[in-house]
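K.L.:
Take a look at this one; I'll ask things after.
The values are calculated or read from the model by the stated rules, or taken from the named source; none is laboratory data. Everything numeric in this text was worked out from a predicted model, so none of it was measured. All Cβ positions, even for glycine, are placed from backbone atoms using ideal geometry, and neighbour counts span all protein chains on display. Surface accessibility is based on the protein's heavy atoms, side chains included, excluding ligands, DNA and RNA. Shrake-Rupley method; radii C 1.70, N 1.55, O 1.52, S 1.80 Å.
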Amino acid sequence: MAAGGIAPYFMGGLPLSAFGQLNETALGDDKVLVVIQMAGGNDGLNTLIPVDQYSRYQSARKNIAIPENKLLSIPQSDKIGIHPSLEKITQLFEEGKGTIIQDVGYPDPDFSHFRSTDIWNTASDSDKHVLSGWAGRYLSIENPDYPNGYPNTNHPDPLSIQIGSVLNTSLQGPVYPMGMAIADPNFFYELIAETPVATTSTYAEKELAFLKQVANQTNQYSGVIRDAGQRITNQSGYPDESLANQLKIVAKLIAGGLRTKFYFVQIGGFDTHDNQVQNGDVTKGEHAELLQKLSEAVFAFTRDLEKQGISERVLTMTYSEFGRRIRSNASLGTDHGAAAPMFLFGSHVNSKVFGENPILPDNPQTEDNVPMQYDFRSVYASVLERWFCLDTGSVSDVMLKPFQSLPLIQGGPCGFITANEPQPEILFKAYPNPFEDFLTIEFESKGGYNYVQVFNSRGQQIGSPVSADYPKGLQNAVLKTSRWPKGMYFLRWQNALEQKVIRIIKI
Amino acid sequence: MKAIKSFSAEKYSGPWTNLEKKHFLNRVLFGCTQDDLQSLENKTFEQCIEELIQPSPAPFPPLNHYQNQEPDTTGVAYGQTWINAPYGNGVINARRVASLRSWWVQQLLFQKRTVHEKLILFWHNHFATQMEIYEVAKFAFDYQNLLRTYAVGNFRDFVKAITLDPAMLEYLNGQRNTKEAPDENYARELQELFMLGKGENSNYTEHDVREAARVLTGHNYSRLDGKYSFDASRHDTGDKQFSDFFHNQTITGKAREEGAGETDELIEMILQQPEVSKFIVRKLYRFFIYYEISDAVELQFIEPLAKLFREQNYELLPLLKAFFSSQHFHDPAFHGAVIASPLDFIVKTFRHLKPEVPEETDVFLYYSVCNVFMYFAGITQQIIGDPPSVSGWPAYHQAPLYHQLWINSDTYQKRNQGILALLFNEVKSEGYKVKVDVIHLASKTTDPGEPNKLINELSGILLPIAVDEAVKQKFKKDILLSGQSNDYYWTQLWDNFQNKPDDENLKNMVEQRLRILILYLTGLPEYQLI
């Protein structure tokens, strides 16, 4: 791991003591999460190619399959071929600064951008409508009075920042937006908000109160943001492109001393129904260009954080509202799908691949999807617990229910040490396979809660036959399956830190 | 919360003074100016509604303003329209896109006094497409022309037409949807976003999406001239079986040209769901009245109007007439209750301040300067022609914030910076400086030398609701009286200037104070409302 470097004693001429609270910082309190939204639905299967099933991959996606000899590799896995445009990201994996979480999704996937983005941002079940965002709920637990009395000495800076002009729904609190949108930290305009709102007894007064609150906060925060931005003048090189420019501002603000916990940035265009690859060269095209932008921006950002001496404080996470179908379409593209990988970057990530490659069927149908191995809320919950040191009870409150905690963070602020010893083979099987009227499932419980979900080939959850505490040791359950329609299913089992997905076929 | 007095869809019968007219005009036009109000002087409620819901005449089409920058090699001369010309090449197309964007915002800036232009925006948000994705300028013109044609027409015909519109076929992959490789994109949005929505009584299934996609196979168009055609060889001729939500209806597969007719059957089948009419009225409600739809609103307002819409065979004009005539629409509780969208904001500012723009005959300069206002709407997050996604602009539909989504620390500042630039003549394009004549604006009030009246009248017309007396007094004292307390200082300055209009020094003093006064009035949060 590269040395983080020592924070410069002086920042832009100001002694470090100007940021008085640094020494009193509570555990996890100076940690920052940068979230990169890949809007449109990133094609996971063409991002990380399952080389252990290359021929099945190739036959499912004849017109867009990336040739095996063009794929890149990472030391963390010999079963994954990396899209050639992610060359810079593979370098981060070689340095132990990247994590892959395979097949992240949620039960009963929704294929509408609109809805699925809401689900990821609000962290709701797919059949529930939640109006607040997951990061907003977390920030509101820590700042229950916000925005009343903010900024203050303990919280002089915005709680979260969206780079750009539209605030991500993830940052919506139960009542108020918990973040501030900034397109350019160097330019602010003083807004008129002098008259406090006496009453909110009419609809118009309700909006006036909102407008005055935005104006007041903008005026109050603009000074600290501008100052932070102006302190940093020695950033390393970034490509001149939107995502890179956004991350450059993020690095500047973190290095400039803001104690903001969340930054959201966005790269759009992943809705590759057509021309995902270029006719004649499948390693080029829209998806390749997007991945390259992502890869180069994250790489430049990482190097800049290292240069600024703040890489230890920053974790970066990517997400997209869904992956895409296993089979490609006739337009050199892919349609809306279900689970897809997430990436984490940073010097404290547990740099490995979580989960197995998606299991590809021999002859995938148009509607076949990648089933989920990990619930995205499990990733969020683990970040809250292991990066922001939030206690388990509060994590469940924020995520609206308990989720499996994953050892995504190595060392870091909350003291999670995750030695990566070779894992014994996880025992989870189902027999007979193929099955008819009965199916026996067998799993080795480590004690505590065990959970088995059944998904159909479209990713819809059709049942959860095991959902209880089991003692340590080999356990089994017999499922009556006579009424299940014939076809392919997936069984997903989780217990403590383990989970496994297997494919079963009813005949 | 101030109680809504009436949820009724029955005809409004309350007072009809400038206060009520201002509210009506703020919602159906882009802002309500002094001239707008004057145009309705002495008109009855019925006359006003009738006049404002009529379609406006078709505008003159967009022109080649770019000839001297990038010659159009397809035979379109400078100052002539390109809408019927061949595609040319990518560079020419890009210039035409710029021409169209400027032209579209011109229609707003110089809008006729009817709801038509705002309805076009409503339908653009409803049947959303993104120019930056389908790219072809001619498609974009035809698309907006289709919205213009059907905005107050028949909804059934509207849906049929938009389904076959080349911009839409390109945008939602309609022309790539074939029997071998069905593409569900349009089939899904037709139900989710265009006709049924995702309310609790909209229970179409994933299966219905796939079957609808099969119905819709075979539609095609020519990229050269944008002409629609049906390719029977790509149409799925099998039967399509829908879920019990659609009463298990089967659409019988048809071969040859008749396959295209299945699309009409599909739209007809969906229209059988009363949810369609409710979905459209709710959408109009959120756009023109308020975001919150309570049970009372649903029961007493949405349902009766939805019923009327169905009974009128999905004709929009009778629906709009009832909608805008209703007691509920004119309820005073809604005065100033909505946050202006970026287009509302920039267009109303333009219409209030009436900046001087180049002569229309100077096509290049005129188009370039109007494009600045398009740019301004863009940086505040509403580019006409390019909503952020197929679901339109989130502020029109996304809970819990709805219209508050327009405002954050970035966009709020940019709105105010824009007015600052305009008032201080800093808006420029191609060497042309846009000038605002603040003296002229003041002169149109009844007694500009009397500072209380001046502020009262200016704030009365600029702001949708009354502003605190203390705020007006403060502005008067700090701005017009330069901190003095005697009204006479302003009266004397104004009178001196009237007597010596050529005195630059006096003119500057008057102008500076008026600019700052208007800057502060438009900087009040009340100015963000409509």
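K.L.:
Can you work out the FRET efficiency for the pair B:Glu426 and A:Glu142, with r the C-beta to C-beta distance and R0 = 56 Å, to the nearest 0.05?
P.N.:
0.85
K.L.:
Lysine pairs in segment B:438-528 with alpha-carbon atoms under 19 Å apart, 8 or more places apart or on different chains: how many are there?
P.N.:
Taking the Cα cut-off of 19 Å, the pair count is 9.
K.L.:
If you average the alpha carbon positions of segment B:176-211 and of segment A:442-500, how far apart do those two centres end up, in angstrom?
P.N.:
32 Å
K.L.:
Another one. Can you give the average number of partner chain beta-carbon atoms within 10 Å of each beta-carbon in peptide B:146-158, as a whole number?
P.N.:
Per residue, the average neighbour count from other chains is 0.
K.L.:
Which of the residue pairs B:Lys22/B:Lys348; B:Lys321/B:Lys348; B:Lys160/B:Lys240 have a Cα-Cα distance greater than 22 Å in the structure shown?
P.N.:
Where the Cα-Cα span goes over 22 Å, the pairs concerned are B:Lys321/B:Lys348.
K.L.:
Still on this structure, please answer the following. Hey, can you grab everything whose amide H is under 5 Å from the amide H of A:Gln266? Only 5+ residues off in sequence or another chain; H modelled, so Pro and N-termini drop out.
P.N.:
So A:Gln266 has HN proximity to A:Gln37.
K.L.:
Another question about this same structure. About the Cα centre of segment A:316-456, what is the dipole size in debye to 20, counting +1 per Lys and Arg Cβ and -1 per Asp and Glu Cβ, all else neutral?
P.N.:
440 debye
K.L.:
Before we go on, tell me the buried accessible area for the B/A pair, both chains summed, 1.4 Å probe, in Å² to the nearest 100.
P.N.:
4500 Å²
K.L.:
Additional query: Below 8 Å, C-alpha to C-alpha, sequence gap of six or more: please give me the relative contact order for segment B:154-272 in percent.
P.N.:
25 percent
K.L.:
So, one more: Expressed as a whole percentage, what fraction of the accessible surface of chain B belongs to carbon and sulfur atoms when a 1.4 Å probe is rolled over the protein heavy atoms?
P.N.:
Carbon and sulfur atoms account for 49 percent of the accessible area of chain B.
K.L.:
Of all the accessible heavy-atom surface of segment A:191-348, with the other protein chains kept in place and a 1.4 Å probe, what percent is carbon and sulfur?
P.N.:
Within segment A:191-348, the accessible surface is 46 percent carbon and sulfur.
K.L.:
Then there is this: Taking the Cα centre of each part, how many Å lie between segment B:311-352 and segment B:214-241?
P.N.:
The distance from the Cα centre of segment B:311-352 to that of segment B:214-241 comes to 38 Å.
K.L.:
Under a crude label model (7 Å from the Cα following the beta-carbon direction), how far is A:Cys414 from B:Asp503 in nanometres?
P.N.:
7.3 nm
K.L.:
Between B:Gln512 and B:Leu224, what is 0.36 nm times their sequence separation minus the Cα-Cα distance? Round to one decimal in nm.
P.N.:
Full-extension gain reported as 98.3 nm.
K.L.:
Once you list every other residue whose beta carbon is under 13 Å from the beta carbon of A:Arg61, what net charge do they have if Lys and Arg are +1 and Asp and Glu are -1?
P.N.:
Here the charged neighbours net out to +1.
K.L.:
Also: Which residue, B:Leu519, B:Pro448, B:Gln498, has the largest displacement toward the positive end of the dipole of segment B:438-528 when charges sit on each Cβ (Lys, Arg +1; Asp, Glu -1)?
P.N.:
B:Leu519
K.L.:
Let me ask something additional. Over the alpha-carbon set of segment A:182-281, work out the extent along each principal axis and list the three values in angstrom, largest first.
P.N.:
66, 39, 22
K.L.:
Taking 50 Å² as the minimum loss, tell me which residues in segment B:404-431 lose that much accessible area going from the chain by itself to the full protein complex (1.4 Å probe).
P.N.:
Correct list: B:Gln404, B:Asn408, B:Ser409, B:Asp410, B:Tyr412, B:Gln413, B:Gln417.
K.L.:
If you don't mind, another one. Could you give the size of the charge dipole of chain A about its Cα centre, using +1 on the Cβ of each K and R and -1 on the Cβ of each D and E, expressed in debye and rounded to the nearest 20?
P.N.:
With only Lys, Arg, Asp and Glu charged at Cβ, the dipole is about 540 debye.
K.L.:
Something else: With heavy atoms of protein chains only and a 1.4 Å probe, what residues of segment B:269-298 have at least 40 Å² less accessible area in the full set of chains than alone?
P.N.:
B:Tyr290
K.L.:
Quick check: with the 1.4 Å probe, what order do B:Ser202, B:Ser222 take by accessible area, largest first?
P.N.:
Heavy-atom accessible area, descending, gives B:Ser222, B:Ser202.
K.L.:
Counting only other chains, what is the mean number of Cβ atoms within 10 angstrom of the Cβ of each residue in peptide B:180-190?
P.N.:
4
K.L.:
Mind checking the full-extension length gain between B:Asn154 and B:Asp362? Use 0.36 nm per residue of separation minus the Cα-Cα distance, one decimal, nm.
P.N.:
71.1 nm
K.L.:
Just order A:65-71, B:25-31 by mean Cβ neighbour count inside 10 Å, highest at the front, would you?
P.N.:
B:25-31, A:65-71
K.L.:
Among A:177-183, B:114-120, how do they line up from the highest to the lowest mean number of other beta-carbon atoms within 10 Å?
P.N.:
Answer by packing, highest mean first, reads A:177-183, B:114-120.
K.L.:
Could you state the per residue volume, in Å³, of the convex hull enclosing the Cα atoms of segment B:416-461?
P.N.:
About 86 Å³ per residue, rounded to a whole number.
K.L.:
Multiply the residue separation of B:Ser485 and B:Asn18 by 0.36 nm, subtract the distance between their alpha-carbon atoms, and state the gained length in nm to one decimal.
P.N.:
165.0 nm
K.L.:
Could you work out the percent of alpha carbon pairs in segment B:1-129 separated by over 25 Å, rounded to a whole number?
P.N.:
46 percent
K.L.:
Which order, highest average first, do A:217-225, A:300-308 follow once you tally other Cβ atoms within 10 Å for each residue and take the mean per peptide?
P.N.:
Per-residue Cβ counts within 10 Å, averaged per peptide and sorted highest first, yield A:300-308, A:217-225.
K.L.:
Skip the ligands, DNA and RNA, and give the accessible area per residue of the protein assembly as shown with a 1.4 Å probe, whole Å².
P.N.:
With the other protein chains kept in place, the protein assembly as shown gives 38 Å² per residue.
K.L.:
Going Cα to Cα from B:Lys254, which aspartates and glutamates come in below 15 Å? Please leave out same-chain ones fewer than 8 positions away.
P.N.:
By straight Cα distance, B:Lys254 reaches B:Glu211, B:Asp231, B:Asp236, B:Asp239, B:Glu262, B:Asp264, B:Glu265.
K.L.:
Still on this structure, please answer the following. Grab the alpha carbons of chain B, take their convex hull, and tell me the volume per residue in Å³.
P.N.:
Per residue, the Cα convex hull of chain B comes to 154 Å³.
K.L.:
Run the reach check for A:Lys472 against aspartates and glutamates, Cα to Cα strictly under 20 Å, same-chain hits fewer than 8 apart removed. What comes back?
P.N.:
A:Glu425, A:Glu442, A:Glu444, A:Glu498
K.L.:
Okay, next question. So which lysines pass the test for A:Lys307, namely a Cα distance under 25 Å, with those fewer than 8 places away in the same chain ruled out?
P.N.:
Output for A:Lys307: A:Lys31, A:Lys88, A:Lys97, A:Lys248, A:Lys252, A:Lys261, A:Lys293, A:Lys352.
K.L.:
Measure off 7 Å from each Cα along the Cα-to-Cβ vector at B:Gln47 and A:Lys128, then give the distance between these two points in nanometres to one decimal.
P.N.:
In this crude spin-label approximation the distance works out to 5.8 nm.
K.L.:
Follow-up. Along Cα→Cβ, 7 Å out, is where each label goes; now give me the distance between the ones at A:Glu87 and B:Ala255 in nm to one decimal.
P.N.:
5.4 nm
K.L.:
Note down, for segment B:154-272, the three equivalent ellipsoid semi-axes (square root of 5 times each alpha carbon gyration tensor eigenvalue), biggest first, whole angstrom.
P.N.:
22, 16, 12
K.L.:
State to the nearest 20 debye the size of the charge dipole of segment B:154-272 about its Cα centre, where the only charges are +1 on K and R beta carbons and -1 on D and E beta carbons.
P.N.:
The dipole magnitude comes to about 240 debye.
K.L.:
Using only protein heavy atoms and a 1.4 Å probe, report how much of B:Trp393 is accessible, in Å² to the nearest 10.
P.N.:
Result for B:Trp393: roughly 10 Å² accessible.
K.L.:
Between B:Lys474 and B:Lys433, what is the FRET efficiency for a Förster distance of 30 Å, r being their Cβ-Cβ separation, to the nearest 0.05?
P.N.:
Step by step, r from the Cβ atoms, then E = 0.40.
K.L.:
Dividing the alpha-carbon Rg of chain A by 2.2 N^0.38 Å yields what?
P.N.:
In units of the globular-protein estimate, chain A measures up at 1.01.
K.L.:
Pop out a list of residues from segment A:264-294 that are at least 20 Å² less accessible with all the protein chains around than in their chain alone; 1.4 Å probe, no ligands or nucleic acids counted.
P.N.:
In segment A:264-294, residues shielded by partner chains: A:His273, A:Asp274.
K.L.:
Continuing with this model, one more query. Return the Cα extents of the protein assembly as shown along principal axes one, two and three, sorted largest first, each rounded to a whole Å.
P.N.:
So the extents along the principal axes, rounded to whole Å, are 99, 78, 60.
K.L.:
Additional query: For A:Ser242, what accessible surface area do you get with a 1.4 Å probe? Give it in Å², rounded to 10.
P.N.:
Here the residue's solvent-accessible area equals roughly 70 Å².
K.L.:
How large are Rg and Dmax for segment B:438-528 when only the alpha carbon atoms are used, in Å?
P.N.:
12.5, 37
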